[in-house]
Amino acid sequence: MSDAHSESYKNYTRKCLLIFLAVLCGTGLMVGASFASLASGVRIAMILPIACVNAFLVAGHLMHLISERKMVYIVLVFTVIFFIGLMGLTIWAHADVPHLKGV
């Protein structure tokens with residue numbers, strides 16, 4: 001049991017190390033792209049995909065959210081419900097402005 005467990009741990013550690021190195025390289029690419037002598041829009045177009053990949057690697061693999069789909073979907077549904085509720089309250093309160101008489 002100990003041998004199988006240590007082999008599994010080694011594989012997991014290697015996977016985390018590779019993901020960390022990928023995030024580190026992606027961060028280096030983003031910093032390098034920010035110093036490139038290109039137009040601002042081109043730099044942003046280069047940096048955003050790299051940042052999205054970095055975010056997926058960190059959130060999905062290192063934070064283990066890729067295997068917690070049910071919980072993530074539940075949190076997203078509650079977020080949407082509360083967002084709609086807050087927007088509804090904002091629209092409802094828009095008509096609740098006091099009007100000054102005689103002005």
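The values are calculated or read from the model by the stated rules, or taken from the named source; none is laboratory data. These numbers were taken from a predicted model, which means no experiment stands behind them. Here the Cβ is made from the backbone with ideal geometry for all residues, glycine too, and neighbour counts use every protein chain on show. Areas reflect the complete protein model, heavy atoms only, side chains present, ligands, DNA and RNA absent. Shrake-Rupley method; radii C 1.70, N 1.55, O 1.52, S 1.80 Å.
Among the listed residues ILE47, ILE66, ILE19, identify the single one that is touching a residue at least 40 places away in the same chain (Cβ under 8 Å) and β-branched (Val, Ile, Thr).
Details: ILE47 fails: touching a residue at least 40 places away in the same chain (Cβ under 8 Å); ILE66 fails: touching a residue at least 40 places away in the same chain (Cβ under 8 Å).
Only one candidate passes the filter, namely ILE19.
Take the range 77-103 and flag every residue that is open to solvent by less than 100 Å² (accessible area, probe 1.4 Å), part of a helix (DSSP H, G or I) and either at pLDDT below 90 or among the small types (Gly, Ala, Ser) (or both).
Within the range 77-103, GLY85, GLY88, ALA93 qualify.
For residues that are over 17 Å from LYS15 (Cβ atoms) and at pLDDT below 90, tally how many sit in the range 42-67.
Within the range 42-67, residues that are over 17 Å from LYS15 (Cβ atoms) and at pLDDT below 90 number 0.
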